[in-house]
Amino acid sequence: MSKGIMPKDPSRADHRFIRYQLKEFLNKKPIHHNPSEYDHCSRVFQRAGGSWERLFKGSVRDVVLLRRILKLAIEKGFISRRERFR
């Protein structure tokens with residue numbers, strides 16, 4: 001039985017990078033990591049002119065664009081937040 005893409009260990013490089021950015025850039029806000037939401041952010045990033053190839057080669061412009069998209073996605077509810085437990 002196949003498990004599919006597991007959010008704790010994404011097999012796709014774009015998913016790993018998005019997860020890393022969410023963890024490092026927005027570390028005070030608990031996020032529910034969902035591969036379908038990563039796909040949506042990845043498509044928006046590409047439609048906005050971003051390039052994963054340039055980003056992985058070190059393009060600061062593309063990293064800034066992706067961070068803006070992720071921040072907006074969280075504000076607008078396209079990336080799920082996880083409730084904090086006490």
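Mind listing just one residue for me: the one in the stretch 13-23 that is hydrophobic (A, V, I, L, M, F, W, C) and within 10 Å of the chain's Cα centre (by Cα) and, of those, farthest from Ala73 (Cα to Cα)?
At the first step, the residues of the stretch 13-23 found to be hydrophobic (A, V, I, L, M, F, W, C) are 13, 17-18, 22.
Still in the list and also within 10 Å of the chain's Cα centre (by Cα): 17-18, 22.
Working: Phe17: 16, Ile18: 12, Leu22: 11 Å.
Here the residue is Phe17.
Collect the residues in the stretch 24-61 that are acidic (Asp, Glu) and more than 13 Å from the chain's Cα centre (by Cα), keeping them in residue-number order. Before the answer, list the steps.
Going residue by residue through the stretch 24-61, those that are acidic (Asp, Glu) are 24, 37, 39, 53.
Across the stretch 24-61, the qualifying residue is only Glu53.
Checking the conditions here, which among Ile69, Ile31, Ile18 is at pLDDT below 90 and not hydroxyl-bearing (Ser, Thr, Tyr)?
Working: Ile69 fails: at pLDDT below 90; Ile18 fails: at pLDDT below 90.
After ruling out the rest, the residue left standing is Ile31.
Does the stretch 1-15 contain at least one residue that is among the hydroxyl-bearing types (Ser, Thr, Tyr), more than 21 Å from Phe56 (Cβ to Cβ), exposed (fewer than 11 other Cβ atoms within 10 Å of the Cβ) and modelled with pLDDT under 90? Give the steps one after another, and end with the answer.
Taking the stretch 1-15 as the starting set, the residues that turn out to be among the hydroxyl-bearing types (Ser, Thr, Tyr) are 2, 11.
If we keep only those that are more than 21 Å from Phe56 (Cβ to Cβ) too, we end up with 2.
Okay, now just the ones that are also exposed (fewer than 11 other Cβ atoms within 10 Å of the Cβ), so 2.
Keeping just the survivors that are modelled with pLDDT under 90 gives 2.
Yes, the stretch 1-15 contains a residue that is among the hydroxyl-bearing types (Ser, Thr, Tyr), more than 21 Å from Phe56 (Cβ to Cβ), exposed (fewer than 11 other Cβ atoms within 10 Å of the Cβ) and modelled with pLDDT under 90.
The values are calculated or read from the model by the stated rules, or taken from the named source; none is laboratory data. On a predicted model such as this, the values are computed, not experimentally measured, just so you know. Every residue, glycine among them, receives a Cβ derived from its backbone with ideal geometry; neighbour counts consider all protein chains shown.
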